[in-house]
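The values are calculated or read from the model by the stated rules, or taken from the named source; none is laboratory data. Since the model is a prediction, treat every value here as computed from it, not as a measurement. Because the Cβ atoms are built from the backbone with ideal geometry, glycine has one as well, and the counts that use them run over all protein chains shown.
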Amino acid sequence: MAKILSREQVEMAINRCRDANPPMNGMLSAPLSAMAKVLGLMLWSRVPEIDIEQFGREVVDLYSLWGRD
């Protein structure tokens, strides 16, 4: 089953992840980088919503941890 998220939901998850795992020496943590790739694709593709499951289990699990529905 698809897990459709809005850009705002992805941004909120990124912000929570960033607060818990701030960049160090200009480098994003692995979880933050993975979530940022989702937002980057959304912005580049100009889509308001995206199926998070297309990014694999790791990203779905990260959203489960950092996102709030």
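Points to keep in mind about this one:
- A count restricted to region 38-69 and to residues that are more than 17 Å from residue 3 (Cα to Cα) and basic (Lys, Arg) stands at 1.
- Test: residue in region 23-43 that is surrounded by 15 or more Cβ atoms within 10 Å (Cβ to Cβ), modelled with pLDDT of 90 or more and touching a strand residue (DSSP E or B) at 6+ places or on another chain (Cβ under 8 Å): yes
- Among the residues here, residue 29 qualifies as among the hydroxyl-bearing types (Ser, Thr, Tyr) and more than 11 Å from the chain's Cα centre (by Cα).
- Residue match in region 5-28 (condition: touching a residue at least 60 places away in the same chain (Cβ under 8 Å) and in a helix (DSSP H, G or I)): yes
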